[in-house]
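Engineer: Structure in structure tokens, see below.
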Amino acid sequence: MFMRFIYKFSSPPYFYAISGKMLPWLTVLFFLLLGYGLYGGLVTAPADYQQGDSFRIIYVHVPAAWMSMFVYVVMAISGGIGLVWRIKLAEIVSISSASIGASFTFLALVTGSLWGKPMWGAWWVWDARLTSELVLLFLYLGVIGLYNGIEDKRTASRAVAILALVGVVNIPIIHYSVEWWNTLHQGATVTKLDKPSIHIDMLIPLLVMAGAFKVYYFIALLLRCRNELLERESNGKWIDELLEKVK
Amino acid sequence: MKTSSLFQAFGAVIKRDLVLAYRHRAELINPLAFFVMVITLFPLALGAEITLLKRIAPAIIWVAALLASLMSIDNLFRADYDDGSLELMVMTPHSLSVLVLAKVVAHWLLSSVPLLFIAPLMGLMLHMDSDVIGVLLLTLLLGMPVLSLIGGIAVALTLGLRKGGALLAILVLPLYVPILIFASGAVDAAMSGFPVSGHLSMMCAILFLAITLTPLPTAAALKMSLS
């Protein structure tokens with residue numbers, strides 16, 4: 001039953017049709033969440049007693065950082081599914097996630113450094129979290145580079161899936177080694193936001209923003225997948241039928 | 001027809017690579033020369049102040065070793081891919097990941113073991129203490145095989161590409177981060193007189209993890225590159 005649904009959903013024409021129907025609803029949901037999250041975060045949430053208003057960048061920074069890791073895992077899992085069951089859609093989801101994930105990672109790094117300047121007095125600190133986020137960006141760049149380097153897109157998808165799976169095993173090792181490296185070298189000189197039991201008025205907009213980011217990722221993913229499908233299946237019969245309808 | 005056991009096949013692959021390398025002895029010098037030259041660049045750029053060199057010597061030696069490994073790893077499957085013997089290896093009844101492991105062991109013997117003999121000399125030139133050099137050698141012994149094992153995955157993935165070189169570095173270097181951290185951390189700790197067993201245990205763990213896990217994706221990537 002479940003596998004039947006998966007097979008049906010992963011057939012390109014069906015996916016194309018249903019994703020087209022989902023997109024408007026998702027867009028509405030995204031703007032609702034974003035509107036509420038931004039209003040709550042930028043207007044109603046109280047200023048931090050220590051950081052003043054600069055803390056408000058977390059409403060972009062933290063969701064972006066969460067998404068950067070989430071997207072990598074999605075990329076690896078769907079890549080693995082594509083590798084095992086040869087589902088074309090899973091391969092496309094995997095590679096379409098790569099550049100979105102890289103953008104989230106970049107956004108997290110940029111907003112982090114913008115926040116770091118007034119708070120730490122430096123644009124960049126070799127803090128464990130920053131460094132492992134930077135390494136994550138390199139991993140994304142490797143995936144994108146590998147995909148673009150291989151001519152045949154099916155082969156490229158499989159190569160990317162293998163690399164993403166290797167990366168997913170490595171990320172925890174890298175993360176903890178970097179954390180250890182940092183504590184060995186300079187101790188906890190950099191203040192971590194180590195659960196300072198965030199105020200509920202600050203927390204709710206943050207969670208809403210995280211939801212908005214997730215929906216945004218979903219929208220971007222669907223759009224990219226649809227484009228990629230059209231490109232790869234440009235000889236497919238269902239695309240001809242689609243074009244007929246448009247005329 | 002005589003069939004060979006998996007163990008014999010493992011030995012045969014190593015032996016073949018060693019013989020091939022012996023026929024082209026001159027090429028064995030290249031990674032060593034590269035290693036020495038990269039290390040020479042640092043005193044030239046930083047100035048010859050002894051305390052400074054001593055302080056950063058482990059980092060320099062490890063980064064140089066990492067780059068030397070990156071440079072030589074590109075040849076891991078290249079020649080076999082070009083002359084078609086890689087396809088024959090894929091077609092043998094033996095598990096490809098075991099044969100891959102043999103290739104990596106041969107590569108380690110040829111490119112990393114010689115470094116172990118030069119590294120103490122480099123350490124002396126950078127004014128490291130002799131007991132610290134011992135720790136440095138241990139980290140190289142434990143860490144270099146991991147570099148070859150992880151590099152093998154990326155080499156297998158980029159095998160069919162025309163411009164694999166730069167891509168290889170991008171794929172591999174982020175994955176080298178943990179080993180670099182633990183290795184130079186161990187040498188640093190030894191220099192300050194702290195115990196190093198923690199670092200070395202972590203490196204051992206990573207080594208065994210790499211030996212057991214990396215041949216699988218490498219074999220999968222090879223099959224993909226050949227198909």
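The values are calculated or read from the model by the stated rules, or taken from the named source; none is laboratory data. Just so it is clear, the model here is predicted, and its values are computed rather than measured. FYI the Cβ positions are ideal-geometry reconstructions off the backbone, even for glycines, and counts take in every protein chain you see.
Engineer: Looking at this structure, is A:L136 surrounded by fewer than 21 Cβ atoms within 10 Å (Cβ to Cβ), of a type outside the set (D, E) and touching a helix residue (DSSP H, G or I) at 6+ places or on another chain (Cβ under 8 Å)?
Structural biologist: So A:L136 does not fit the description; no.
Engineer: Counting just the residues of the stretch B:175-219 that are free of Cβ contacts under 8 Å to residues at least 24 places away in the same chain and touching a helix residue (DSSP H, G or I) at 6+ places or on another chain (Cβ under 6 Å), which one comes out farthest from the other protein chains (Cβ to nearest Cβ)?
Structural biologist: It comes out as B:M202.
Engineer: Something else now. Filter the stretch A:134-175 for residues that are more than 7 Å from chain B (Cβ to nearest Cβ) and basic (K, R) and give the result.
Structural biologist: Selection gives A:K153, A:R154.
Engineer: State whether the residues of the stretch B:111-126 include one that is in contact with a Phe, Trp or Tyr (Cβ under 8 Å, 6 or more places away or on another chain) and under 19 Å from A:Y140 (Cα atoms).
Structural biologist: no
Engineer: Is it true that some residue in the stretch B:54-72 is part of a loop (DSSP other than H, G, I, E, B), at pLDDT below 90 and not polar (S, T, N, Q)?
Structural biologist: No - not one qualifying residue is present in the stretch B:54-72.
Engineer: Take B:F117 and decide whether it is buried (at least 22 other Cβ atoms within 10 Å of the Cβ), in a helix (DSSP H, G or I) and either touching a residue at least 40 places away in the same chain (Cβ under 8 Å) or more than 12 Å from the chain's Cα centre (by Cα) (or both).
Structural biologist: no
Engineer: Show the residue pairs meeting these rules: Cβ distance below 8 Å; 6+ apart or different chains; first residue within the stretch B:148-170 and at the interface with another protein chain (Cβ under 8 Å from one of its Cβ atoms); second residue of a type outside the set (S, T, Y) and assigned to a loop (DSSP other than H, G, I, E, B).
Structural biologist: B:G160/A:I150; B:L161/A:I150; B:G164/B:D74; B:L167/B:L161
Engineer: Still on this structure: If we only count helices (runs of 4 or more DSSP H) wholly inside the stretch A:73-191, which ones have 1 or more residues that are within 30 Å of B:L159 (Cβ to Cβ) and basic (K, R)?
Structural biologist: A:88-120, A:153-186
Engineer: If I filter the stretch A:2-30 down to residues being within 14 Å of A:I92 (Cβ to Cβ) and among the small types (G, A, S), which single residue comes out as surrounded by the fewest Cβ atoms within 10 Å (Cβ to Cβ)?
Structural biologist: Residue satisfying both the conditions and the ranking: A:S11.
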